[in-house]
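The values are calculated or read from the model by the stated rules, or taken from the named source; none is laboratory data. Since this is a predicted model, take the numbers as computed values, not measurements. Glycine also receives a Cβ, built like all others from the backbone with ideal geometry; neighbour counts cover every protein chain displayed. SASA here: full protein model, heavy atoms, side chains in, ligands and nucleic acids out. Shrake-Rupley method; radii C 1.70, N 1.55, O 1.52, S 1.80 Å.
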There are 2 protein chains.
Amino acid sequence: MIKNTKKRNEILMIIQNTNKPLTAQEIYDAIFPTTSINLSTVYRNLELLCQENILLKEIRNDKKSYYQMNSYIHKHRVICTKCHCDIIISDCPLKKLENAIEKSTGYQLTSHIFELSGICPQCQSKEK
Amino acid sequence: MIKNTKKRNEILMIIQNTNKPLTAQEIYDAIFPTTSINLSTVYRNLELLCQENILLKEIRNDKKSYYQMNSYIHKHRVICTKCHCDIIISDCPLKKLENAIEKSTGYQLTSHIFELSGICPQCQSKEK
DNA sequence: GTATATGCAAAATGTTTGCGTTATG
DNA sequence: CATAACGCAAACATTTTGCATATAC
């Protein structure tokens, strides 16, 4: 049974009020000045909230896990393989696909990870 | 300038002849009995081949990096959040999406990561 | 002959865990 | 008062790095 604790609420609050996925460390740093908290606590809560499908976790190439709300509206990124800049695709374009995949696999989908890599316009022009 | 070495070729060969993404350790284990090689060498080559867009790297929830050929034909997985079983979606359904995203972002897309989570049919029936 | 690749051992990093204590329902 | 959450320190696992040597072009 999941209990209602101040620190858990703080973690959720930070994530809800930030419009991009955050790492455990970033969440810790945001909370710590106000409320004393331990990194392990952050990790344990993030893990739990993912299991409950409240949060969505993606592991990026920097080997860090990024957490965001698992809401209907969420974002994906396109990352440049040259300069590592990124831009956000604001509407997740996968809803239709997911319906088809649910039918073909029988899985009841709860979340997904989708991330694109490519070469950004600036790096494309530099190449010429 | 990238040189043509026996060990690099071995690594590529293993990946090409395996129809699922592999970890550095798995590649090492596949090569070692035949050819002496060091894990660092495997990692360094995998990194290089990803930069060249020859390989595609995805980091999964077990915190390991999995490598596969970055070919037109590649696969994605649906993973069960309860029992962790998975199934493969054999055709990548994102081609049309990518064209649209290239137009809207200006990025020249080279690869992507796409992974779905949900509840598998077996676990769905257990829940009732 | 010079730049790249390799092996080895050690370090780095993000994350997890054991355990004693504290707080919640 | 039983179960869940927390803090702390130590452990873990994968990946990276420094440096000396070997290999490719």
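Report in % the part of the accessible area of the range B:70-128 that belongs to carbon and sulfur, leaving out ligands and nucleic acids; probe 1.4 Å. Answer for the range B:70-128 is 54 percent, counting heavy atoms of protein chains only.
Around the Cα centre of the protein assembly as shown, unit charges on the Cβ atoms of Lys, Arg, Asp and Glu (plus for the first two, minus for the last two) sum to a dipole of about 80 debye. Springs between Cα atoms under 10 Å define the GNM used for chain B, and in it the highest mean-square fluctuation of B:L109, B:L22, B:L48 occurs at B:L109.
Sorted shortest first, the separations between the B:K63 label point and its copies elsewhere in the assembly read 0.9 nm; each point sits 7 Å from Cα along the Cα-to-Cβ line. Pairwise Cα separations in chain A fall into 5 Å bins from 0 onward with the following percentages, short to long: 2, 9, 17, 18, 16, 14, 11, 7, 4, 1, 0, 0. Can you list the distances in nanometres, one decimal and ascending, from the A:T18 label point to the identical position in each other copy, with the point 7 Å along Cα to Cβ? Result for A:T18, in nm, nearest copy first: 3.5. Averaging Cα coordinates gives a centre for the range A:55-100 and one for the range B:6-64; these two points are 26 Å apart. Ratio of the protein assembly as shown's C-alpha Rg to 2.2 N^0.38 Å, to two decimals? The reported ratio for this selection is 1.10.
Contact residues in the range B:62-94 by the 30 Å² criterion (accessible area, 1.4 Å probe, full protein complex versus chain alone): B:V78, B:I87, B:P93. Annotation for the A:B interface, with buried accessible surface near 3000 Å², both sides summed [1.4 Å probe; non-protein components not counted].
With protein chains left intact and a 1.4 Å probe, residues in the protein assembly as shown average 59 Å² of accessible area per residue. Working from the Cα coordinates of the range A:55-108, the gyration tensor eigenvalues give, after taking √(5λ), semi-axes of 25, 14, 12 Å in decreasing order.
If I take every Cα pair under 8 Å that is 6 or more residues apart in chain A, average their sequence separation and divide by the length, what percent do I get for the relative contact order? That works out to 20 percent. In the assembly of identical copies, A:K6 has its label point, taken 7 Å from Cα in the direction of the beta carbon, separated from the corresponding points by 6.5 nm (ascending, one decimal).
Highest GNM mean-square fluctuation among A:L46, A:L56, A:L97, for chain A modelled with Cα contacts below 10 Å: A:L97.
Rolling a 1.4 Å probe across all protein chains gives A:D29 an accessible area of roughly 80 Å².
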